[in-house]
1. Would you list the strands (runs of 3 or more DSSP E) that sit entirely within region 59-124 and hold 2 or more residues that are of a type in the set (A, V, I, L, M) and over 25 Å from Gly306 (Cβ atoms)?
2. Restricting to region 13-53, what's the tally of residues that are farther than 14 Å from Asp129 by Cβ, part of a helix (DSSP H, G or I) and acidic (Asp, Glu)?
3. Among the strands (runs of 3 or more DSSP E) contained in region 223-341, which hold 1 or more residues that are modelled with pLDDT under 95, open to solvent by 20 Å² or more (accessible area, probe 1.4 Å) and over 24 Å from Arg174 (Cβ atoms)?
4. State which residue is nearest to Gly330 (Cα to Cα) when the search covers only region 356-387 and only residues that are crowded, with 21+ Cβ neighbours inside 10 Å and of a type in the set (Asp, Glu).
5. Between a residue in region 133-153 that is open to solvent by 10 Å² or more (accessible area, probe 1.4 Å) and any residue that is among the acidic types (Asp, Glu), which pairs come within a Cβ distance under 7 Å, given they are 6 or more apart or on different chains?
6. Is at least one residue of region 354-367 in contact (Cβ under 8 Å) with a residue 60 or more places away in the chain, touching a helix residue (DSSP H, G or I) at 6+ places or on another chain (Cβ under 8 Å) and among the small types (Gly, Ala, Ser)?
7. Could you give every pair whose Cβ atoms fall below 9 Å, whose first residue belongs to region 42-66 and is on the phi > 0 side of the Ramachandran plot and without any contact (Cβ under 8 Å) to a residue 24 or more places away in the chain, and whose second residue is open to solvent by less than 90 Å² (accessible area, probe 1.4 Å) and not hydrophobic (A, V, I, L, M, F, W, C), counting only separations of at least 6 or pairs across chains?
8. Any residue in region 88-110 that is in contact (Cβ under 8 Å) with a residue 40 or more places away in the chain and of a type in the set (Phe, Trp, Tyr) sitting within a Cβ distance under 6 Å of a residue that is open to solvent by 40 Å² or more (accessible area, probe 1.4 Å) and assigned to a loop (DSSP other than H, G, I, E, B)? List the pairs, counting only those 6 or more apart or interchain.
Amino acid sequence: MVIVGAGQGGLQVAESLRAEGYDGPITLIGEEAAAPYHRPPLSKAILAGTMEEAQLAIRGAEFFERQRIALLSGTRVAAIDRSARQVRLEDGRRLGYRGLALATGARVRRLPISGDELDGVLGLRSLDDARRIRAALERAARVVVIGGGYIGLEVAAAARKRGLEVTILEAADRLLARSATPFLAAFYADLHRSQGVMVELGAKVVGLDGQGGRVAAVRTADGRPHPADLVVVGVGIVPNTALAEGCGLACDSGVLVDDCARTGDPAIVAVGDCTARRTTTGTLLRLESVQNAVEQGRSAAAALLGRERPFTAAPWFWSDQYDVKLQIVGLSADHDRIVLRGSPQDRRFSAFYFRRDALVAIDSINRPADHMVGRKLLDHKAVITPEQAADENLPLASLTRPGR
């Protein structure tokens, strides 16, 4: 088996193959020099300086030896030959495969504006990116974050905790426009403003000004310059689909897979941020999360061994900013009612989202117990009314018991 991409998803495929009883050779190929590592702390604890890089490793070197997984770090795959069932490495070597997993991840989306190439303009995706931003934060006084998504907000929180002057420029009329409800977006705008961050909405960036080759300001469409000695661009990611497209696999905002991580080629699966999942209703679902990488990895390993293991659990996600932990489960799109449990003023609450009286998602702020129960409620499609969700005297766990 050959796995292209040594992130969370690729490693999970390798681990699951062994767990499922596969005893043959496994080769795990990664472009980065580092062994597989946890990516979520990069924009949180690593930038904040509360976590050492050594703690990022998902597995130690002995694990790969014990599991007989050949890890090829710092190695790039140039092409896939499906008819010969081979991958060609950039150094010319060829590796045959019985089954192939693509876990090629994604890359930072660049800004199509002048000045994007200036020193001090950085994006965050890899450990090397985090090292560069952390070093820049040590020298910076004024930070501008372009993009009000989760990465941008987490970087802003880390910079503000260092006492730096921080501005967030978001082109949409609210934060988290692609990934959260207006209600949650407003909560986060208030949170950042309360911490002294300048949050500007509807702020379209049109250029970056430099001085001596280094960024000095961000210009917005209203003509204003926003002085900065560090600019972090967080305007999304682009799935790495070149290898899949190059060998003729179907792609549409990602490598197209089904609930079992299968592509159109029975010998090839794909997992994680490089994928787009075709759901049973025909819609495309793109999830960028650890859970997605892990669950698709397990499904992909099963598929490579000819077994059926669909990933259908409710998606979940988390974000840490300041002293606030957000945990999301489910998909809140097209909800028609919100019910609160707890107090937004106290920054400890859960928002329950209903669509046609059915619970579809829960956003929990500093209420981890609600989140854990909420995952069971959604996975089991438990029946819960808005009135029950709002009733603090009713233990949510009681609604997950059989017979409810």
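The values are calculated or read from the model by the stated rules, or taken from the named source; none is laboratory data. A quick note: this is a predicted structure, and the numbers were derived from the prediction, not measured. Glycine gets a Cβ as well: all are built from the backbone with ideal geometry, and neighbour counts include every protein chain shown. Surface areas here come from the heavy atoms of the whole protein model, side chains and all, with no ligands, DNA or RNA. Shrake-Rupley method; radii C 1.70, N 1.55, O 1.52, S 1.80 Å.
1. 69-72, 77-81, 106-108, 121-123
2. Of the residues in that region, 1 qualify.
3. Numbers: elements: 225-227, 230-233, 237-239, 255-257, 268-270, 275-278, 316-321, 324-330.
Here the list reads 275-278.
4. Restricting to residues being crowded, with 21+ Cβ neighbours inside 10 Å and of a type in the set (Asp, Glu), the top hit is Asp363.
5. Pairs that qualify, where the first residue is open to solvent by 10 Å² or more (accessible area, probe 1.4 Å) and the partner is among the acidic types (Asp, Glu), are Ala140/Asp229; Ala141/Glu165; Ala141/Asp229; Arg142/Glu165; Arg142/Asp229.
6. no
7. Between residues of region 42-66 that are on the phi > 0 side of the Ramachandran plot and without any contact (Cβ under 8 Å) to a residue 24 or more places away in the chain and residues that are open to solvent by less than 90 Å² (accessible area, probe 1.4 Å) and not hydrophobic (A, V, I, L, M, F, W, C), there is no close pair.
8. Sorted first by the residue in region 88-110, then by its partner, the pairs are Tyr97/Arg85.
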